Amino acid sequence: MNISRNIKIWRTITVVIALCCVLACGMMYIYFRPDTLKMFHFFKYIGILDILEDMKRDPSIVSFWVLYNLPDGVWLFAYTILIGCIWNFKIRDCWMFILVMPFICIPHEILQGLGIMHGTYDSNDIFAYIMALTAGFIYIFFVDRIAFKRVERVERRRTSSVKLMLTMISFSLFVLLAIGSDDTVGRISANTGDSYEAMK
C-alpha cells in the first residue's frame with residue numbers, strides 16, 4: 001500500500017469516526033433526553049418534533065453517566081480527532097486549536113458550580129472531557145506514527161489558510177452542537193405543550 005493511499009484511508013477513517021460519534025450522541029439525546037434541550041426548539045421549527053417525540057424511550061434503561069456525561073466526552077473526542085485530521089495529525093500544529101474547546105468547556109462547568117453561569121455542575125463532565133482529550137491526543141499521535149510520519153508539517157501560508165478556515169468551520173459547528181444539547185427553561189413537548197415547571 002503506497003503512502004498516499006494509506007493517508008487517504010486514515011483521513012476517511014477519522015472523519016467517519018468523528019461523524020459516528022456525533023450521530024451517536026445525537027441519537028442518544030433524541031431517544032432518551034427530555035425535550036428541554038435547545039435542539040428540540042430547532043426540530044419544532046422545521047416541523048419534525050412530532051416524529052422525534054414518537055422515538056422517545058425510557059431513559060431509566062440507560063445509566064446516568066452514559067446518558068449525561070459520556071456524550072460530552074464523545075463530542076470532544078470527535079472534535080479533537082477531526083482537528084487533528086485537518087492538520088495532518090501533527091500535534092505541534094493543531095494542539096492550540098484543540099485545547100480551545102476544553103478551555104471553554106471546563107471553566108464553564110466550574111462557573112456553573114459557583115453559580116455564576118446557568119446550568120448544573122457535574123464533576124463527571126470534567127472527567128469525561130479530560131478522558132476524551134487524552135484519548136484524542138493518543139489517537140492523533142498513533143495515526144501520525146502509522147501513516148503521516150513522512151508527511152511534512154504545514155509551512156506554506158496558502159495551505160495553512162485553508163486549514164485555518166476548515167478549523168474555524170469545525171469549531172463553529174461543534175459549538176453549535178454544544179449549544180443545541182444545552183437545557184432550556186421551558187418544555188416544548190409536541191404532545192402537551194405544557195411548561196416544564198407545570199409537569200414537575
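Figures for the structure shown
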| item | result |
| --- | --- |
| Complete set of residues in region 75-108 that are open to solvent by 10 Å² or more (accessible area, probe 1.4 Å) and either of a type in the set (Phe, Trp, Tyr) or farther than 30 Å from Thr159 by Cβ (or both) | Trp75, Phe77, Trp87, Trp95, Phe97, Phe103, Ile106, Pro107, His108 |
| Any pair with Cβ under 9 angstrom, 6 or more apart, that starts in region 131-155 at a residue that is within 12 Å of Arg92 (Cα to Cα) and at pLDDT 95 or above and ends at one that is part of a loop (DSSP other than H, G, I, E, B) and among the basic types (Lys, Arg) | Ile140/Lys90 |
| Residues that are touching a residue at least 12 places away in the same chain (Cβ under 8 Å) and open to solvent by 40 Å² or more (accessible area, probe 1.4 Å), drawn from region 7-18 | Ile9, Trp10, Arg11, Val15, Ile17 |
| Search result, residues across region 117-129 that are open to solvent by 90 Å² or more (accessible area, probe 1.4 Å) and either out of contact with any helix residue (DSSP H, G or I) (no Cβ under 9 Å at 6 or more places or on another chain) or in a helix (DSSP H, G or I) (or both) | Phe127 |
| Cross-chain or 6+ apart pairs with Cβ under 8 Å, region 36-47 first and more than 14 Å from Leu176 (Cβ to Cβ), then open to solvent by 80 Å² or more (accessible area, probe 1.4 Å) | Thr36/Val185; Thr36/Tyr196 |
| Answer residue from region 25-57, given it is within 19 Å of the chain's Cα centre (by Cα) and surrounded by fewer than 15 Cβ atoms within 10 Å (Cβ to Cβ) and is nearest to Leu70 (Cα to Cα) among those | Met27 |
| Subset of region 50-77 (residues that are of a type in the set (D, E, K, R) and either part of a loop (DSSP other than H, G, I, E, B) or under 16 Å from Ser123 (Cα atoms) (or both)) | Asp54, Lys56, Arg57, Asp58, Asp72 |
| Candidates Leu111, Leu177, Leu164, filtered to the one that is open to solvent by less than 80 Å² (accessible area, probe 1.4 Å) and touching a residue at least 24 places away in the same chain (Cβ under 8 Å) | Leu177 |
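The values are calculated or read from the model by the stated rules, or taken from the named source; none is laboratory data. Note that this is a predicted model, so its numbers are computed, not measured. Here the Cβ is made from the backbone with ideal geometry for all residues, glycine too, and neighbour counts use every protein chain on show. In case anyone asks, the SASA skips ligands and DNA or RNA and just uses the protein heavy atoms, side chains included. Shrake-Rupley method; radii C 1.70, N 1.55, O 1.52, S 1.80 Å.
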